[in-house]
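**Student:** The structure that follows is given in the form of structure tokens.
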Amino acid sequence: MKRSLVWSLTTLFLLSIFSLRSEADVTLPSIFGDNMVFQQQTDAALWGKARPGATVRITTSWNKKSYSAAADKNGSWKTKVITPGAGGPYTVTITEGKTINLRNVMIGEVWICSGQSNMEMPMKGYRNQPVIGSNDYIVSSDNNNIRLFTVTRAASVTPLDDFAGSWKTCEPANVSEFSATAYLFGLQLYKSLNVPIGLINTSWGGTRIEPWISESGLKKFEW
């Protein structure tokens, strides 16, 4: 009985240590991840969560420069990193409690693609609603310089710090599921500029414009 109690207390203690350690580790929202694209020639924002008061350190491989950001009382931190002209792939390293490496990162042009069903419709189309000619584009879509991110649908009455989704490389399996309008726009943009292209699809068919605007933004209008 005594041995069982000691074992239980020891296990509980170790679990509490691991839990506290996990909460203290630096984390990033899903928009920052492997295969992502940063906007070129700008001060690109980078943010996340960490232990309140902690100093988060960021290193970018394109210029070997290090940056630091202090987490506020809520654990939120934010900084900006200087990006060069288009290029890649690069690595971004974020450290505090643990190390996160963002790999296969490109620098180029980043576009947010939003709208209703005309933006949401994927390259593969829907049942009995094909995208004419899309198969030729899909099978020839391998391109390391185009990256795709689809924001998973989520509704909230308050602003969210994060959302589900991840950056995908440009290949047939991923392109077939991606917005047709966004992909064909991005492909044309790549052919014209010859720089890496990042496409963020955040469309939702049938939605009105009002839910996409913040409360403070809506108050600026007379109804």
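**Student:** Within segment 171-223, which trypsin sites (Lys or Arg not before Pro) sit in a loop by DSSP and count at most 15 neighbouring Cβ atoms inside 10 Å? Before the final figure, lay out the partial values.
**Tutor:** Numbers: sites: Lys191, Arg208, Lys219, Lys220; in loops: Arg208, Lys219, Lys220.
Passing sites in segment 171-223 are Arg208, Lys219, Lys220.
**Student:** Shifting gears a bit: Where nothing but the Cβ of Lys and Arg (+1) and of Asp and Glu (-1) is charged, how large is the charge dipole of segment 28-212 around its Cα centre, in debye to the nearest 20? Please list the in-between numbers first.
**Tutor:** Values: 17 positive and 13 negative charges, 100 e Å.
So the magnitude is around 480 debye.
**Student:** Considering the options Gly108, Ser134, Gln188, tell which one lies farthest towards the positive end of the dipole of the chain, charges being +1 on Lys and Arg and -1 on Asp and Glu at the Cβ, about the Cα centre.
**Tutor:** Gly108
**Student:** Here is a follow-up. So how much slack lies between Lys124 and Val139, counting 0.36 nm per residue of separation and subtracting their Cα-Cα distance, in nm?
**Tutor:** Working: separation 15, 0.36 × 15 = 5.40 nm, distance 1.11 nm.
Roughly 4.3 nm would be gained on extension.
**Student:** In a shell of Cβ-Cβ distance under 11 Å around Leu46, excluding Leu46 itself, what net charge do Lys and Arg (+1) and Asp and Glu (-1) give? Can you show the working numbers first?
**Tutor:** Working: positive: Lys78, Lys80; negative: Asp43.
Charge balance in the 11 Å sphere: +1.
**Student:** For Glu177, what charge total do you get from the other residues with a beta carbon under 9 Å from its beta carbon, if Lys and Arg give +1 and Asp and Glu give -1? If you can, show how the numbers build up before the last one.
**Tutor:** On the way: positive: Lys124, Lys168; negative: none.
Charge balance near Glu177 sits at +2.
**Student:** Let me ask something else. Which pairs in the list Lys49/Lys73; Lys124/Lys191; Lys78/Lys168 are over 19 Å apart, alpha-carbon to alpha-carbon? If you can, show how the numbers build up before the last one.
**Tutor:** Details: Lys49/Lys73 11 Å; Lys124/Lys191 22 Å; Lys78/Lys168 24 Å.
Checking Cα-Cα distances, Lys124/Lys191; Lys78/Lys168 exceed 19 Å.
**Student:** Let me ask something else about it. Under 10 Å, Cα contacts only: if you run a Gaussian network model on the chain, which one of Asn101, Asn128, Asn63 comes out with the highest mean-square fluctuation?
**Tutor:** Top of the fluctuation ranking is Asn128.
**Student:** Could I ask something else about it? Among Val175, Ser68, Ile209, whose Cα lies farthest out toward the positive end of the dipole of segment 28-212, if unit charges sit on the beta carbon of Lys, Arg (+1) and Asp, Glu (-1)?
**Tutor:** Most positive-ward Cα: Ser68.
**Student:** Still on this structure, I have one more. For Thr55 and Lys220 in one chain, what is 0.36 nm times their gap in residues minus the Cα-Cα distance, to one decimal in nm?
**Tutor:** Details: separation 165, 0.36 × 165 = 59.40 nm, distance 3.75 nm.
55.6 nm is the gain from fully extending Thr55 to Lys220.
**Student:** Most fluctuating residue of Pro52, Pro84, Pro159 in a GNM of the chain with Cα springs under 10 Å: which is it?
**Tutor:** Its mean-square fluctuation being the largest, the pick is Pro159.
**Student:** Of all DSSP beta bridges in the chain, what percent run antiparallel (nearest 5)? The partial results should precede the final answer.
**Tutor:** Values: 31 of 44 bridges.
Percent antiparallel among DSSP bridges in the chain is about 70.
**Student:** Using 0.36 nm times the number of residues separating Ala154 and Tyr67, minus their current alpha carbon distance, what extension gain do you get? Write down the numbers at each step before the final one.
**Tutor:** Values: separation 87, 0.36 × 87 = 31.32 nm, distance 3.25 nm.
The Ala154-Tyr67 span can extend by a further 28.1 nm.
Read-outs throughout are calculated quantities, based only on the coordinates presented, and are distinct from any laboratory measurement. Bear in mind the structure is a predicted one, so any value in this text is a computation, not a measurement. Ideal geometry is used to build each Cβ from the backbone, glycine not excepted, and the neighbour counts take in all protein chains shown.
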